[in-house]
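Engineer: Quick one: the structure is below, questions incoming.
Just so it is clear, none of the values below were taken in a lab; they were calculated from the coordinates. From a predicted model like this one, the values you see are computed outputs, not experimental measurements. All Cβ positions, even for glycine, are placed from backbone atoms using ideal geometry, and neighbour counts span all protein chains on display.
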Amino acid sequence: MVLRILAAAGDGSTDCNRPMVWTAVEHYRRMSVHLSDRKRRKHWERRRDGKSPLLMHEAMIYLFHSLTLVWAHVVAEARGVGYMTVLDEWVIDGAKQLIHGVPEEAVTVTASTLLLCGTVASPNGRSADAGLLHTQARGAGIDLEEISAYVPGDVYNAEVELLMVAASFSIYAGALVSHLE
């Protein structure tokens, strides 16, 4: 699903990716609508503790963040520029110019989550700890519902917007990698 979304990016528009992202969130909505808060919390705790796999929409944001962080490191090493500079100024700021039709809050929340993942996974700004990268990006996936509370609208639409922004960041980071010599 993640690769299909990235491949459908074409012109960088979020419109072509929205139906695929909504499919994953809609599956979660249908699955969780009849669960009590207690059961939903228990399922979340099992995913957090690694006893259950991530749900599709959680796995998607985990993979988008992981790809973006890895590709930012590749660009930083190839260009001899600081990793956080590439992540913040090149990837996030560059992608923000291409993102249309997504609430500003979704862009800001996703960017701050991605920057937090990147800062923790690569504290020295040069080499990334693969284990920390995995833990941070997985944590962002697990906390997707909580993070979406910072975006206006209902939780499911907010999750779609966050996933759209995360996909845009990955697409832009991939484009930067493709332009390396």
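Engineer: Just to be sure, is Gly50 out of contact with any Asp or Glu (no Cβ under 6 Å at 6 or more places or on another chain), free of Cβ contacts under 8 Å to residues at least 12 places away in the same chain and at positive phi?
Structural biologist: So Gly50 fits the description; yes.
Engineer: Now, a different point. Against the definition (within 28 Å of Asp37 (Cα to Cα), aliphatic (A, V, I, L, M) and either surrounded by fewer than 23 Cβ atoms within 10 Å (Cβ to Cβ) or within 13 Å of the chain's Cα centre (by Cα) (or both)), how does Ile171 come out, yes or no?
Structural biologist: no
Engineer: Would you mention how many residues in region 109-118 are free of Cβ contacts under 8 Å to residues at least 40 places away in the same chain and within 10 Å of Tyr150 (Cβ to Cβ)?
Structural biologist: Number of matching residues: 1.
Engineer: A further question follows. Across region 107-118, which residue is nearest to the chain's Cα centre (by Cα) among those that are within 19 Å of Val21 (Cβ to Cβ) and of a type in the set (A, V, I, L, M)?
Structural biologist: Per the criteria, the residue is Leu114.
Engineer: Okay, next question. Quick check: is even one residue across region 143-159 surrounded by 15 or more Cβ atoms within 10 Å (Cβ to Cβ) and touching a Phe, Trp or Tyr at 6+ places or on another chain (Cβ under 7 Å)?
Structural biologist: No; the residues of region 143-159 include none that is surrounded by 15 or more Cβ atoms within 10 Å (Cβ to Cβ) and touching a Phe, Trp or Tyr at 6+ places or on another chain (Cβ under 7 Å).
Engineer: Any residue in region 150-171 that's free of Cβ contacts under 8 Å to residues at least 12 places away in the same chain: show its pairings with residues that are in a helix (DSSP H, G or I) at Cβ separation under 8 Å, as long as the two are six or more apart or on different chains.
Structural biologist: Pairs that qualify, where the first residue is free of Cβ contacts under 8 Å to residues at least 12 places away in the same chain and the partner is in a helix (DSSP H, G or I), are Val155/Glu145; Val155/Ser148; Val155/Ala149.
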